[in-house]
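Please read the structure below before turning to the comments.
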Amino acid sequence: MTDDQTPKPSASPTRRALLRGAAAAVGAAAGSGAITGFPTIWAQEIKDITLRHIGVSYSVVQAIGDQAAKDLGFKVSMQNLDTSTAITRFITQPTSVDIPDLEGWQSKVAVARGILQGIDVKKIKEFDNILPIFTKGEYDGKKVSRQGISPYEAMYIDSKDSTKIVEGVHDWMTFLPQVYNADSIGYRPDLVGDPITQWKMLLDPKFKGKSAILDVPNIGIMDAALALESRGDIVYKNKGNMTRAEIDVTINALIDAKKKGQFRATWTTFEQSVELMAAGEVTVQSMWSPAVTAVLAKGIPCTYAPVNVRPDGKEGYRGWCNGMGLMRHLSGKKLDAAYEYLNWYYGGWQGAFVARHGYYSPVPSTAEKFMSANEYAYWYSGKPATDVIKDPYGAPIAKAGSVRDGGSLVERFTNISCWNTVMDENQYMIQRWNEFKSA
Amino acid sequence: MAATVRKPGLSPIMSARLKSFALVLPLALVLLVFVVVPLAVVLAVSVFRYDNFEVIPAFTFENYQSVLSSHLTLSLYLTMLKLAAMTWICTLLIGYSVAAFLVFHVRSRLVAIGLFLLCTVPFWTSNVIRMISWLPLLGKQGVINQALMASGLIQEPLQFLLFSDFSVVVSYVHLFTIFMIVPIFNAMSRIDRSLFEAAHDAGAARWQTVLWVVLPLTKSGIVLGSIFVVTLVMGDFYVVKVMSGGTDASVVSAMYDDISTLLFPHAAASAAVLMIILTAMVAAILRLVDVRKELVSGR
């Protein structure tokens, strides 16, 4: 990737418009009079650019990349790695990546290592329409939980090449939020009986041998913490950054439950959770929204438990957000293309796509344009479907009249209890987590 | 050796020596680049410091201290040793019987080799597929449970069939028996058949022949097979993860969890410890039987 990346003046809005035009057709771009320069040559040049977007499968999606490439006129190569392999790759081979897919904690690590460059908020066209959950740490007038690493907490640096994340709103972002959701538990309504709205059900003896928990230590522990808080065992100061004593209480409770035969399994991948649920191995487990959708698409009933925060502070969702960074080596045309790519994600097509398996776009206003009124009302507003709801690949997953579990976007995101994270006592926690596993 | 290195006309001995050096060189280079160097890197990293963000190249033994003083390490090794022992017994019994059948009971050499190749057919698919194919068979609503329930033998599905030590060992046996069959098959094939007649003539019963003739002569095969199976099990992480339904941790899965949040030095120290323990185990096994002697001389 050492093609002639002569530094160019930063992309202006006209150039962006040009790029988009070029994508449609070279001739059309040339025809659009507002643009000066050499549109044909520009289109020729960007044609040979390939952006490498690398990250987890639920965020870096081939179908989305294909559409972006089609719309933008350059190539996009998507590669899926699991969270840990991805961050390792970013750090050890930074020049082999252009757009890293980052969660808050990964962004913290990546910024500290100096492998990213700040994203200029002025070049993000829809910046002002990004939900304030991400840009200001608040939503619907309420402060969003800061337990764990909230996206806002890892959002800003004060200069392009800074290696220190700062509090407050600044002009340079560390990563551009792309897709996010609030995780809770899934269950089989046909096998469970009463509706589930509390995390403690994961540990309820009623589901002995039929419950499963997520085995990605740094987020599995938070699911466990939510369950213990829900059961009244303990109140954490910060579930996203536990003390050793808190970790001990949590793990000991897990070991205790395991010894009593509570857990049928633990799962690490999306597919495993779908299989466990679909095969009837478990009836209640930590779960991700698209996994529930996938079970539903198999024609098997599955509900995503609404776990709104209670007045006593118990319950709540575990939030997460994946975004896109810009690797430091990007410059010249390739950097321009990367900004185009980032802006494309806020164009609405992607927002509509991810909404159909239960995720959200940080800019719902554009996503709305790419969804039917029925879809938008169902997925974003939590209203009853007026027609059949289909997943991104066209399989029907909800009948007319059904309502999304957990309600509207506002309802979910004003009920976040904690965010995906890596704790200060990470190593101790992982060691103890493995004790739970081997108990 | 330096004394004999004179310029043009190399003595015949020397040129022979050179030849063997030349023959060894490619493998030595491959081993150097792909084994020694990465290993050196792992060992180097294992004594580095680190924090949440960075690996710091400063010498410390803390990682080893943390690995060796944790009772997690002990319990992980005990789990894996238990699984390795169960797998070893099963693969040995099955592998030995299969090999014995192929070598001693199938009359035609050609058919024996054909059947032997047949043993390898399942191994043309990936490990992952072979392992995952057990899930629909052993599950709560799997074939076995359904059959048992339908026949009225049980009322509740048997939970221990899947996501248990049982299912892990079943998978290991399925995956690794071939590594037992091959060396034992090889050792058995080289037994001189007239020994059996001699044993028979000397009045040995069948089981005595097996115990005193066949077994000692196939020791090398058993040892080689055992090394394969034991090291494969001890170094595994995926089978344990999937087949135990994530309810068991293995030595390597603990390393994986370390790496997942960039605790490289700690993982490297665990890796070094695993390597030392495995080397010691293999050395111990090899002490029981001098494989080299069995393979090279003696025949």
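Here are A:174, A:243, A:250, A:197: which of them is closer than 20 Å to residue A:414 by Cα and either among the polar types (S, T, N, Q) or surrounded by 14 or more Cβ atoms within 10 Å (Cβ to Cβ) (or both)?
Details: A:174 fails: closer than 20 Å to residue A:414 by Cα; A:243 fails: closer than 20 Å to residue A:414 by Cα; A:250 fails: closer than 20 Å to residue A:414 by Cα.
Just a single option satisfies the conditions, and that option is A:197.
Which residue pairs have Cβ atoms under 8 Å apart, sit 6 or more places apart or on different chains, and have a first residue in the stretch A:202-215 that is in contact (Cβ under 8 Å) with a residue 24 or more places away in the chain and within 14 Å of chain B (Cβ to nearest Cβ) and a second that is of a type in the set (Lys, Arg) and part of a strand (DSSP E or B)?
Final answer for the pair search is A:209/A:264; A:210/A:264; A:211/A:264; A:212/A:264.
Restricting to the stretch B:251-277, count the residues that are hydrophobic (A, V, I, L, M, F, W, C), assigned to a helix (DSSP H, G or I) and at the interface with chain A (Cβ under 8 Å from one of its Cβ atoms). Give the steps one after another, and end with the answer.
Initial filter on the stretch B:251-277 (hydrophobic (A, V, I, L, M, F, W, C)): B:251-252, B:254-255, B:259, B:262-264, B:267-269, B:271-277.
In the following step, the residues that additionally are assigned to a helix (DSSP H, G or I) were identified as B:251-252, B:254-255, B:259, B:264, B:267-269, B:271-277.
Going one step further and asking which of them are at the interface with chain A (Cβ under 8 Å from one of its Cβ atoms), we end up with B:254, B:259.
Counting residues in the stretch B:251-277 that are hydrophobic (A, V, I, L, M, F, W, C), assigned to a helix (DSSP H, G or I) and at the interface with chain A (Cβ under 8 Å from one of its Cβ atoms) gives 2.
So the check is Cβ under 6 Å with 6+ separation or different chains; which pairs have a first residue in the stretch A:59-79 that's in a helix (DSSP H, G or I) and a second one that's of a type in the set (A, V, I, L, M)?
These pairs meet every condition: A:62/A:78; A:65/A:76; A:65/A:78; A:68/A:76; A:69/A:76; A:71/A:23; A:72/A:23.
Where residues in the stretch A:44-93 are within 14 Å of another protein chain (Cβ to nearest Cβ) and not polar (S, T, N, Q), which of them is nearest to residue A:357 (Cα to Cα)?
Within the stretch A:44-93, the subset within 14 Å of another protein chain (Cβ to nearest Cβ) is A:56, A:81-92.
Then drop every residue that is not not polar (S, T, N, Q), which leaves A:56, A:81-82, A:86-87, A:89-91.
Numbers: A:56: 16, A:81: 20, A:82: 20, A:86: 23, A:87: 25, A:89: 28, A:90: 28, A:91: 31 Å.
Result: A:56.
Is there any pair with a first residue in the stretch A:268-279 that is farther than 13 Å from residue A:210 by Cα and within 8 Å of another protein chain (Cβ to nearest Cβ) and a second that is in a loop (DSSP other than H, G, I, E, B) and of a type in the set (Val, Ile, Thr) whose Cβ atoms are under 9 Å apart and which are 6 or more apart or on different chains, and what are they?
A:268/A:216
Would you check which residues across the stretch A:183-194 are within 14 Å of another protein chain (Cβ to nearest Cβ) and either within 20 Å of the chain's Cα centre (by Cα) or surrounded by fewer than 18 Cβ atoms within 10 Å (Cβ to Cβ) (or both) and list them? Can you show your working first?
So the first thing to find is which residues in the stretch A:183-194 are within 14 Å of another protein chain (Cβ to nearest Cβ), and the list is A:188, A:190-191.
Correct list: A:190, A:191.
Condition test on residue B:244, is it within 14 Å of another protein chain (Cβ to nearest Cβ) and not β-branched (Val, Ile, Thr)?
Judged against the criteria, residue B:244 is a match.
Which of (1) within 14 Å of chain B (Cβ to nearest Cβ); (2) surrounded by fewer than 17 Cβ atoms within 10 Å (Cβ to Cβ) does residue A:373 not meet, given it meets every other one?
Status for residue A:373: all satisfied but (1).
Yes or no: residue A:196 among the β-branched types (Val, Ile, Thr), outside any helix (DSSP H, G or I) and in contact with a helix residue (DSSP H, G or I) (Cβ under 7 Å, 6 or more places away or on another chain)? Don't jump to the end; show me each part of the working.
Working: among the β-branched types (Val, Ile, Thr): yes; outside any helix (DSSP H, G or I): yes; in contact with a helix residue (DSSP H, G or I) (Cβ under 7 Å, 6 or more places away or on another chain): no.
Spelling it out, it is not the case that residue A:196 is among the β-branched types (Val, Ile, Thr), outside any helix (DSSP H, G or I) and in contact with a helix residue (DSSP H, G or I) (Cβ under 7 Å, 6 or more places away or on another chain).
Residue check: is residue A:282 assigned to a helix (DSSP H, G or I) and of a type in the set (Val, Ile, Thr)? If you could, list the steps in order and put the result at the bottom.
On the way: assigned to a helix (DSSP H, G or I): no; of a type in the set (Val, Ile, Thr): yes.
The answer is no for residue A:282.
Considering only residues of the stretch B:125-181 that are touching a Ser or Thr at 6+ places or on another chain (Cβ under 8 Å), within 14 Å of chain A (Cβ to nearest Cβ) and part of a helix (DSSP H, G or I), which is nearest to residue B:235 (Cα to Cα)?
B:168
Can you find, within the stretch A:403-439, the residue that is farthest from the other protein chains (Cβ to nearest Cβ) among those that are hydrophobic (A, V, I, L, M, F, W, C) and not in a helix (DSSP H, G or I)?
Step one: list which residues in the stretch A:403-439 are hydrophobic (A, V, I, L, M, F, W, C), which gives A:403, A:409-410, A:413, A:416, A:418-419, A:422-423, A:429-430, A:433, A:436, A:439.
With not in a helix (DSSP H, G or I) added as a condition, the list becomes A:403, A:416, A:418-419, A:422-423, A:439.
Working: A:403: 30, A:416: 22, A:418: 17, A:419: 16, A:422: 5, A:423: 9, A:439: 8 Å.
Checked the stretch A:403-439; the qualifying residue farthest from the other protein chains (Cβ to nearest Cβ) is A:403.
Which one of A:124, A:133 is surrounded by 23 or more Cβ atoms within 10 Å (Cβ to Cβ) and of a type outside the set (Phe, Trp, Tyr)?
Values: A:124 fails: surrounded by 23 or more Cβ atoms within 10 Å (Cβ to Cβ).
A:133 is the lone residue from the list that is surrounded by 23 or more Cβ atoms within 10 Å (Cβ to Cβ) and of a type outside the set (Phe, Trp, Tyr).
Being under 24 Å from residue A:177 (Cα atoms), of a type in the set (D, E, K, R) and not in a helix (DSSP H, G or I) narrows it down to one of A:314, A:239, so name that one. Before the answer, list the steps.
Numbers: A:314 fails: under 24 Å from residue A:177 (Cα atoms).
So the residue among A:314, A:239 that is under 24 Å from residue A:177 (Cα atoms), of a type in the set (D, E, K, R) and not in a helix (DSSP H, G or I) is A:239.
Tell me which residues, restricted to the stretch A:322-334, are at pLDDT 95 or above and in contact with a strand residue (DSSP E or B) (Cβ under 8 Å, 6 or more places away or on another chain). If you could, list the steps in order and put the result at the bottom.
Here is the first cut: in the stretch A:322-334, the residues at pLDDT 95 or above are A:322-330.
Listed by number, the residues that qualify are A:322, A:323, A:324, A:325, A:326, A:327, A:328, A:330.
With respect to residue B:209, is the statement that it is more than 22 Å from residue B:116 (Cβ to Cβ) and touching a residue at least 12 places away in the same chain (Cβ under 8 Å) true? Don't jump to the end; show me each part of the working.
Numbers: more than 22 Å from residue B:116 (Cβ to Cβ): yes; touching a residue at least 12 places away in the same chain (Cβ under 8 Å): yes.
Against the criterion (more than 22 Å from residue B:116 (Cβ to Cβ) and touching a residue at least 12 places away in the same chain (Cβ under 8 Å)), residue B:209 qualifies.
Within the stretch A:145-158, identify whether any single residue is farther than 22 Å from residue A:363 by Cβ, out of contact with any helix residue (DSSP H, G or I) (no Cβ under 9 Å at 6 or more places or on another chain) and either at pLDDT below 95 or not in a strand (DSSP E or B) (or both), and answer yes or no.
yes
Quick test for you: out of B:100, B:16, B:84, pick the one residue that is farther than 30 Å from residue A:87 by Cα, more than 14 Å from chain A (Cβ to nearest Cβ) and more than 30 Å from the chain's Cα centre (by Cα).
Values: B:100 fails: more than 30 Å from the chain's Cα centre (by Cα); B:84 fails: more than 30 Å from the chain's Cα centre (by Cα).
Selected residue: B:16, the only one of B:100, B:16, B:84 that is farther than 30 Å from residue A:87 by Cα, more than 14 Å from chain A (Cβ to nearest Cβ) and more than 30 Å from the chain's Cα centre (by Cα).
Testing residue A:133 on (1) modelled with pLDDT under 95; (2) more than 18 Å from the chain's Cα centre (by Cα); (3) more than 14 Å from chain B (Cβ to nearest Cβ), one condition comes back false. Which one is that?
Here residue A:133 clears every test but (2).
The values are calculated or read from the model by the stated rules, or taken from the named source; none is laboratory data. Bear in mind the structure is a predicted one, so any value in this text is a computation, not a measurement. Counting neighbours? That spans all protein chains shown, and the Cβs are built from the backbone with ideal geometry, glycine included.
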